[in-house]
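Worksheet: one structure, shown below.
The values are calculated or read from the model by the stated rules, or taken from the named source; none is laboratory data. Quick caveat: nothing in here was measured; it's all calculated off a predicted structure. Every residue, glycine as well, gets a Cβ built from its backbone with ideal geometry; the counts of neighbours run over all protein chains shown. Calculation scope for accessible area: heavy atoms of the full protein, side chains included, ligands and nucleic acids excluded. Shrake-Rupley method; radii C 1.70, N 1.55, O 1.52, S 1.80 Å.
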Amino acid sequence: MADISHRGEAMTTHPDVHEMRARYDKMLGRRDVAFIDAPVFLVGLYCIISPWVVGFSASQADFATHNLIVGIAVGLLALGFTVAPERMYGMSWALCAVGIWLAVSPWVLITNPETSLIWNNVIVGALTFLLGLMAAWQVRGTRDTTPPPGAEPI
C-alpha cells in the first residue's frame, strides 16, 4: 500500500494547497454563526415554549399550536442558515416576513387576545424581524460574482 501521508513535509508542498487556501478564505468570509444564527434559533425555541411560559396554553390552545408551528419554522430556518448558508441566504427575508406575521397574528387569529399574549408575540415578532434584517444585511455582500474558471466574464 502506498504511503500518501505528508509527515515531516511543509504544508506548502501539498498538491492541493491552493484549493485548501481558497476554501479557508471562503469559510472565513462567511457569516458569523454565533451572532445571527444562534439568536434566531433561540427566538424560535422561545416561540415554541412561550405559550407555557406566558401562560396562554390552556386558554388559547389553538394559538399555542400556532406558536409551536411558527417556532419550529424559525428554528429550521436558523438550522438551515447554519448548515448551508450559501444556499439559504435568500431566506433571510422570509424570516422578516415570519416576524411580521408573529407580531400581527394575535389580532388576525383571535377575536379578543389577552394582553400577555399580544406583548409576547409582538416582542418575539419584532426580534425575529430584526434578526431577519440583520441576516439579510450580513449576506447582501457575500454573493460570489466572479465567474467560474473557464467562463467568460460578462
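Of the candidates 46, 24, the single residue that is open to solvent by 50 Å² or more (accessible area, probe 1.4 Å) and at pLDDT 90 or above is 46. When we screen 102, 109, 76 for residues that are surrounded by fewer than 19 Cβ atoms within 10 Å (Cβ to Cβ), under 18 Å from residue 50 (Cα atoms) and more than 10 Å from the chain's Cα centre (by Cα), the only hit is 109. Per the listing 117, 76, 130, the residue uniquely aliphatic (A, V, I, L, M), part of a helix (DSSP H, G or I) and touching a residue at least 40 places away in the same chain (Cβ under 8 Å) is 117. Among the residues in region 128-137, are any crowded, with 22+ Cβ neighbours inside 10 Å, closer than 18 Å to residue 64 by Cβ and modelled with pLDDT of 95 or more? So far as region 128-137 goes, yes, one or more of its residues are crowded, with 22+ Cβ neighbours inside 10 Å, closer than 18 Å to residue 64 by Cβ and modelled with pLDDT of 95 or more. Among the residues of region 98-110, those identified as in contact (Cβ under 8 Å) with a residue 12 or more places away in the chain and either closer than 12 Å to residue 125 by Cβ or assigned to a helix (DSSP H, G or I) (or both) are 98, 99, 100, 101, 102, 103, 104, 105, 106, 109. Restricting to region 79-99, give me the number of residues that are more than 16 Å from residue 42 (Cβ to Cβ) and open to solvent by 40 Å² or more (accessible area, probe 1.4 Å). The total comes to 9.
For region 49-73, enumerate the residues that are outside any helix (DSSP H, G or I) and surrounded by fewer than 18 Cβ atoms within 10 Å (Cβ to Cβ). Don't jump to the end; show me each part of the working.
As a first pass, look at region 49-73 and keep what is outside any helix (DSSP H, G or I): 56-60.
Selection gives 57, 58, 59.
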